[in-house]
1. Taking each residue of B:20-27 in turn, how many C-beta atoms of other protein chains fall within 10 Å of its C-beta, and what is the average?
2. Just add up the charged neighbours of A:Glu245: K/R +1, D/E -1, any other residue whose Cβ is under 13 Å from the Cβ of A:Glu245.
3. What nm distance separates the two modelled labels at A:Gln4 and B:Lys116, each placed 7 Å from Cα along Cα→Cβ?
4. First obtain the Kirkwood hydrodynamic radius of segment B:115-171 from its Cα pairs, then insert it into the Stokes-Einstein equation at 10 °C and 1.306 mPa s, and state the resulting D in µm² per second as a whole number.
5. Which angle between 0 and 90 degrees, to the nearest 10, do you get for helix B:146-170 versus the longest principal axis of chain B when only C-alpha atoms count?
6. Show me the three semi-axes of the equivalent ellipsoid for segment A:99-173, from the C-alpha gyration tensor (sqrt of 5 times each eigenvalue), largest first, rounded to whole Å.
7. Binning at 5 angstrom from zero up to the longest distance, how are the C-alpha pair distances of chain B distributed in percent?
8. Can you pull the mean other chain C-beta count within 10 Å for peptide B:118-125?
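Every read-out reported here was derived from the displayed coordinates using simple, explicitly stated rules and does not represent laboratory data. Quick caveat, the model's predicted, so the values are computed rather than measured. Note that each Cβ is placed from the backbone with ideal geometry, even for glycine, and that neighbours are counted across all protein chains shown.
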Amino acid sequence: MRDQLETLRELVAKHCDEELSREERETLNDLLRISPALRREYASLMEVHASLVMRPEMPSSPSSFPIQRKTITKWIIVGAAACIVALLALTTKESSEAQPGFATLIQASDCKWQGNFSPVEGEQIGETDLRLSDGSASIRFLSGVELDLVAPCHLQIEGPNAAILYAGELYFSNEMSDTEESFSLSTPQSELLDIGTSYSVTVRKDGAEELHVGNGTVIRLDENDRRVTIEAGQAMRWQAEGQSEAIPFVDKPSAVRRAERRASRGKPIAWYSFIDQDGYGFTDAWNPWGESVSKGSNTPGPITRAKGLQPTEQTVIAAPLKVPIDMSENGVTYFSLFCSIEVAADIPKMFYMAFRESGTPDHKAQFSITPKRRTIGAHLLYADTDLNGRSTMALSLPPDGSKFQLAGKIISRANEPDQVFLRFIPESEPLDSFEPYAWSVIGQRVECDFRFDLVSLHLNTQGNIAVSDLNLGKTWESATNPRRK
Amino acid sequence: MDREPAEMITGLLMKHFDVLLRYVISLVGNEADARDIMQETSMSLVRKADDYDESRSFVPWACRFAYLETLKFREKNGKRPLLLDDDVLEIIANEQAGEIATADVRKEALEACFAKLPGSARKLLTLRYHEEAPTEEICSELEKSRRSVFRELKAARESLRNCIRKELSYA
């Protein structure tokens, strides 16, 4: 028995560390069949593993408890919160601060905000005071500058190119480093000017400040206008009294590294899940506008309740793009949407998808789907895009009432026209893990240089359409079979 | 469906979500699958909200749904073997459902026990679970071999488990 216990522990450990072979899995199952004692051992070890794997807060400070923070898991945000918001709230969220925005909250992970302003993902941000007490958040400015905040953090955004970090840890990156104006990040002790840079800066409670420069150069000006230039790979610490010392360089705060790791796992850059249950509707989690929408308007309005999956009035959902689609650069973005359409009549714009141009309220690049009955026997769907031009594509409509996945690919090119591809994937067709060799529709080439930061989906209530699960991603898999967690 | 039972179930789900997720992880062996299953489980629970008898404990009732959704998940993913075979899964699911009610107590004990671990073990677990660092990165950061890292991870988890048992025996 003792040997069996030790073997079981060994095998469970291997499983926890993803080292268990097929043969060892069989041995583990054989052992678990033998006795309740071995199963209890398995259960207790797995429970510890499960508790740890649910990503509790484990601060590096040895004295801190690891799991003090209530584990509001991704699922709760994605699933339970969606249920609860859909079930219980179903009211339009008013934006707490209406002002011209020059930045967008592109990612908010387990965020708790203090103060008057509690932005949600996708919300545009202008001059404001941000106090993040828990979680991490990423803000992207129109200039391309991104600030990753790690709680606890107090940041005041002063303008499109300026912010003050009063306390906490922040990671700065600028993917469009050729911008003419540098971004000024101030701290109580200094002003930091970036030149094609990524860096992290920490302002501690005692007033000390740390700076780690990952790329480019940072110029630091202190209160007495003393100027220090810090190059990539260097790190410095300044005490509140001004004494400085060189310290070992650390590239990024751990919270930022963790977010990047998760982002690299084939996750979609935007997604929205509809709940397939009568009585549920669309949540208002992504509605930063709080205004009524007039029919035919491209400006998203409040999200209205839908009965089941059949919208009873014009419905809009919107989700921020965690990685923007820059149509002026070479790139590819995939999207997919599960649909079921009963074709009752010719209805213009049965539904359309649109993208918001970064920094504006304007939604452009519609992909509208219009069903047309044809007397020759076939039903057709017309898919229009107006990526700064118009491209109409006709698709053979799947049989009435059938379910299908609408998949699309947007190719952006720096020096050539852009193009959109579409394909219906019927329910009966197995979904490949790779992009299909052939697309049902290849759009006309259009010129578009917009930079999009948010996607919205609009349904025409006259159309009898049910939709579910909108996904956008930079890979085929992330859009069609995403891992959202 | 009345909203009142559904509201109650969603409230209970929020309250006991961690417990249920741990239960499912113990059945399927990994977090990603467990979260998918929990999503389906929550939908099933809300659909059946009217059937819930308030005089009974929620967690064992919900565990049954989670188990059924786990079986459905296995069917859908037939080509990919999960950790446990069908018969073992059933036994573990039944035995675990009875134990799971004390999971909140265990969680508190886990918090206390983590704090008691040596700093090196805490750092290792933090890298592995919180930072989600790849093994190579852990080896590099701690300047240890893969074998040592795995051995120490196993020991750290077992220490935690033993400490939790002790804590609970005093509770």
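1. Per residue, the number of nearby Cβ atoms from other chains is 5 on average.
2. -2
3. Between A:Gln4 and B:Lys116, the simple spin-label model gives 2.9 nm.
4. Stokes-Einstein gives a translational diffusion coefficient of 133 µm²/s.
5. Roughly 60 degrees between the two axes.
6. The answer is 16, 13, 12 Å, longest axis first.
7. 1, 8, 14, 15, 16, 16, 14, 9, 4, 2, 1, 0
8. Across the residues of B:118-125, the mean count of other-chain Cβ atoms within 10 Å is 2.
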